[in-house]
Every structure is written in C-alpha cells, then in structure tokens.
Amino acid sequence: MTHSDPVLSVEGVAKSFVMHLRGGLTIPVVGDVAFTVAAGECVVLGGPSGAGKSSILKMVWGNYGIDRGAIRVRSADRLVDVATATPREILGLRRTTMGYVSQFLRAVPRVATLDVVMEPALAQGLAETEARARAQGLLTRLNVPERLWTLPPATFSGGEQQRVNIARGLIADVDLLLLDEPTASLDAANRAVVVDLIEAKKAAGVAMLGIFHDGDVRDRVATRIVDVSAFAVREIAA
Amino acid sequence: MPMPIPISTPPLLEARGLTKFYGDRLGCRDVSFDIREGEVLAIVGESGSGKSTLLSLLSGQLPASAGEVLYRTRAGEIRDLAALSEAERRFLFRTDWGFVHQDAARGLRMGVSAGGNVGERLMAVGARSYGAIRAKAEDWLDRVEIDPTRIDEPPTAYSGGMRQRLQIARNLVTAPRLVFMDEPTGGLDVSVQARLLDLVRRLVADMGLAVIVVTHDLAVARLLSHRIMVMKQGRVIEEGLTDRVLDDPRAAYTQLLVSSILQP
C-alpha cells in the first residue's frame, strides 16, 4: 500500500430506508455511490438538499447501515470496510482514525463543555493536561467564552453549540474527518476561523469529506466537488 | 460514553446458542454474543421479550436448555459456567461479578446498615480489619454520592435513588470485572434516574467494567451502551452499534420501539 492510496474509498454503495410501520414503504436514498478521498484532500459533496449528502457521511461514520457496496477506510496498515465491520471495529475506527462534526451537537447531557471537547483526545490516550490544553486552545480560537467551559452545552445558542462540536471534532489526530455543515450557523468571523482550521488539517495530510452550503466556504476549502445527485436512484422500488 | 479496551483482548464472557424453554414455552432462543472489559451491552425489548431470562442464564442463575456461557476467570482460564461448582459460582458472584437489581431491596440486606451492606462484600473476599472495611465503605458511599455520616443507617431509611446508589456501591466495592444490571433506573423519578445514569457512566468508564444492562428504556441504552441487542419473543431480532440501531433501525419491531419514544 502506498501513500497515494485513498484514505476513504466508497464503492457501489446503495442505501434505502424501509419503513415497516408504513407498510414496508421503501424510500431510496442513494444508489451506486462511488468516490475516493486521498490524504490532504477536502472532497465536498454537492447537490440539492435531500440528495443524500448527510446520509453518505452517516454511512461512512457507521451510523447508517447500507444495502450494498463497500466503504473502505484506511486505518494504520489495513483497510476496514465499514459496511461489514463489527461494532467493535467501528468504535475502534472512530477512536483512532475518523472524526465527525455532525450538523447538530448530540453531547451526553450534564457534561461540561470542556469535557465534551476533551473526550476524543483522551480516548486516543492523550494525557489529561495535554488534552485540556488543546481543548482550551480550540475553544478560545473558536470564540467560545471561557465562562461557558464548565457548563454543559445543552443551553448554548446554536452557533455556540456548533463551535463546541467543531472543537470536539477537530481535537483528536485522525486521518479522516467528516464535516456536516460545520459553518452553517456561524457568523463571518467564526466561519473564517473554521476555514483556517480546515486548511491546517488539510496541510497536515488529513483526508476530509464535507458538506458546505455556503458557497464562499466551499470554494475556499474544496479540493474537488462530488455531485451526489449523480447517485440518485432512478427507478423507485415498488 | 466509556471507551472499550483494544480488540486484541479475548472475550470476558461469551454466550453460544443460549436457549431456554420453560416446558413448552420459549424463554429465549439461540442467543450468541461476547463481551470484553470496558464494553457495555444493552439488551432491550418489552416485558416478556426474554431479556430477563437471558440475564439469568448469563449469570448462571438459571440452567440453559441448550447452549453455553464461557467466562474468563481472573486466573485466565476459560470456564463453562454450567460446569462450575455451586461454591465456585457463588464465589464469582460475590467477587468478580456484580448484579444490580431494579428493586434495590433484592440486592441489599434491608435490615443491615449501609456500611454493613458494603462491608459484607469486602469480607467475602477476605477483608478482616474492621477499620479498613469501614474506611472503604465510607469511601464508596462518598463515591456514589451518599453522605458517609449516614453509614450506620439501614437502607430502609434511604430514598429510592439512594438505595439504588448503595446497591451499586455494594456491587462495585470488590472491583468486579462484569456487572449485570436489570432495569437499573426503573421506577425512579426522572431527575433521580439522570443522576444515577451519570454515576454509572462515570464508574463504568473509570473502572473499565464490562456491563450487560437490560432495559426497556432506549435513552438509557443510548447513554450507557456501545452495542444493543433487541429482543422480541425470546429471539434477538436486531443487534449492532448502539447509534446505528437507534438511528437506522432495520427490523420492524426496532422501528416501532424507536418511533414510540419522544426523543430517542
């Protein structure tokens, strides 16, 4: 395996939801998704709302199952197919290899912001002082006021929660970052901070797969755009 | 959520094809899984789904009709639970295992002081010094957020949430490796449940415990577990990573369970 091998390779992936409580209604999401992401690249998923962009990120994260295909993630010296990996292997990938900034923060309730942010770094085995310093650095950079750090983020504004989420998503050293609209609820100054952070990760060789509705941000961070509407399912299942 | 230990570690407990019939009636059928230290497995399903039967089989309290449960002892031996002597099984239960019942009265000695409840488990593993036992009991009461000055009161003087926390202290004082929990938050007020869940989450992570928790509450499963097994009519109908099962349920019954709660 060489360095130019993709970090992420999505091959012939199809996904639908079967709604058993609606008489088995099948809602197709995507069919035959195929693309790769190499180290140092930021591949942006394009296409209209509802085309399945967020679903693709969730499939790569192992949060959604898939009907068909393979999602191969390079982890250390091997390839793990998320589609067939055991829960234990997926948790391992999430700890060592993948990071995810979801659209909405879903933190464990009643946990202080600083601890929410530090957790992925601690899980990688970083010393507590180092993890704390990194978390403080990211929160400061993202303009999350220090008086909020000891509070759980549940009561924060949408923009503050999103910045906590970004800090949590970026704190650990991973090879693959999944970014679902990380700048959606941010003002211009904070958007610029996030763009800088993404550029720094890119320069460090992190492979990124993202969704950015903001055209300016997309133009600045995207190495390539993959149009998800090309993967639309044409024939609707009966 | 606590992080599991590396994949290379062999299973602590492994169930293979566990089946239980009560006469003609099915308790559970063909259940297989394994669990390692640091992992939390939630078994979810409604009453009568077989989850309590499964817990009894796994903890050796009920003989299986078919299948086996293998357990890795502290000495590193893999033992078939059914082949253990009664004394060995009791020893495991007192030392290496914990069992947290929904009804704290089943897991505590209600006529004995809180300190006695915790100290009894310590004495079972050979502690003899009164001072050391009492000091450790005080420390554990503090760890489960019970005022240590109440050490001499019996659980009957405690609230429901305190009793449940005392039960947890009694179970964890011997540093077990595997803890079974049967609806640990059932019957408690919502705010009391939240506090108990926070406590359990913290202790599980700090101690690297393996936990098998039976619950009908999907919020409990989401907060505590890495993996979920969904049971219906004695069978496992869906299993997987907790967030996958809850966010993308495949089986009709799992979809029904998930759709039945306000915010999964």
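Do we have B:GLU86 as under 18 Å from the mean Cα position of the chain (by Cα) and assigned by TED's automatic domain parsing to the domain that holds B:SER49 here? Even if it seems obvious, please write down each step before you answer.
Working: under 18 Å from the mean Cα position of the chain (by Cα): no; assigned by TED's automatic domain parsing to the domain that holds B:SER49: yes.
No; evaluated as a whole, the condition is false for this residue.
Considering only the stretch A:163-192, how many residues are aliphatic (A, V, I, L, M) and surrounded by fewer than 18 Cβ atoms within 10 Å (Cβ to Cβ)? Give the derivation first.
Pass one, the stretch A:163-192, residues aliphatic (A, V, I, L, M): A:164, A:166-167, A:170-172, A:174, A:176-179, A:184, A:186, A:188-189, A:192.
If we keep only those that are surrounded by fewer than 18 Cβ atoms within 10 Å (Cβ to Cβ) as well, we get A:184, A:188-189, A:192.
So the count comes out to 4.
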Close pairs (6 angstrom Cβ cut-off, 6 or more residues apart or separate chains): in the same structural domain as B:ARG163 (by TED's automatic domain parsing) and open to solvent by less than 70 Å² (accessible area, probe 1.4 Å) in the stretch B:134-148, among the aliphatic types (A, V, I, L, M) and part of a helix (DSSP H, G or I) anywhere: B:ALA137/B:VAL118; B:TRP140/B:VAL118; B:TRP140/B:ALA169; B:VAL144/B:ILE168; B:VAL144/B:ALA169; B:ILE146/B:MET162; B:PRO148/B:LEU141
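Yes or no, residue by residue, for (1) within 14 Å of chain A (Cβ to nearest Cβ); (2) in contact (Cβ under 8 Å) with a residue 40 or more places away in the chain; (3) open to solvent by less than 10 Å² (accessible area, probe 1.4 Å); (4) over 30 Å from B:ARG165 (Cβ atoms):
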{"site": "B:PRO10", "(1), (2), (3), (4)": "yes, yes, no, yes"}
{"site": "B:PHE21", "(1), (2), (3), (4)": "no, yes, no, yes"}
{"site": "B:SER32", "(1), (2), (3), (4)": "yes, no, no, yes"}
{"site": "B:LEU41", "(1), (2), (3), (4)": "yes, yes, yes, no"}
{"site": "B:THR53", "(1), (2), (3), (4)": "no, yes, no, no"}
{"site": "B:LEU70", "(1), (2), (3), (4)": "no, yes, no, yes"}
{"site": "B:TRP97", "(1), (2), (3), (4)": "no, yes, yes, no"}
{"site": "B:ASP103", "(1), (2), (3), (4)": "no, yes, no, no"}
Subset of the stretch A:88-130 that is out of contact with any strand residue (DSSP E or B) (no Cβ under 6 Å at 6 or more places or on another chain), within 13 Å of chain B (Cβ to nearest Cβ) and small (Gly, Ala, Ser) - its residue that is nearest to B:ASP34 (Cα to Cα): A:GLY92
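Within the stretch A:145-162, can one find any residue that is under 15 Å from the mean Cα position of the chain (by Cα) and surrounded by fewer than 18 Cβ atoms within 10 Å (Cβ to Cβ)? Outline the logic, then answer.
Pass one, the stretch A:145-162, residues under 15 Å from the mean Cα position of the chain (by Cα): A:162.
Checking which are surrounded by fewer than 18 Cβ atoms within 10 Å (Cβ to Cβ) leaves us with none.
Checked the stretch A:145-162: no residue is under 15 Å from the mean Cα position of the chain (by Cα) and surrounded by fewer than 18 Cβ atoms within 10 Å (Cβ to Cβ).
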Those residues of the stretch B:44-63 which are of a type in the set (S, T, N, Q), closer than 26 Å to B:ALA251 by Cα and assigned to a loop (DSSP other than H, G, I, E, B), in sequence order: B:SER47, B:SER49
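For the stretch B:188-203, does any single residue satisfy the condition of being away from chain A (no Cβ under 14 Å) and closer than 23 Å to B:VAL40 by Cβ?
Going residue by residue through the stretch B:188-203, those that are away from chain A (no Cβ under 14 Å) are B:188-189, B:203.
Filter once more, keeping what is closer than 23 Å to B:VAL40 by Cβ: B:188, B:203.
There is at least one residue in the stretch B:188-203 that is away from chain A (no Cβ under 14 Å) and closer than 23 Å to B:VAL40 by Cβ.
The values are calculated or read from the model by the stated rules, or taken from the named source; none is laboratory data. Since we're looking at a predicted model, the values are computed, not measured. Using ideal geometry, Cβ is built from the backbone for each residue, glycine included, and neighbour counts are taken over all protein chains shown. For accessibility, only protein heavy atoms count, side chains too; no ligands or nucleic acids. Shrake-Rupley method; radii C 1.70, N 1.55, O 1.52, S 1.80 Å.
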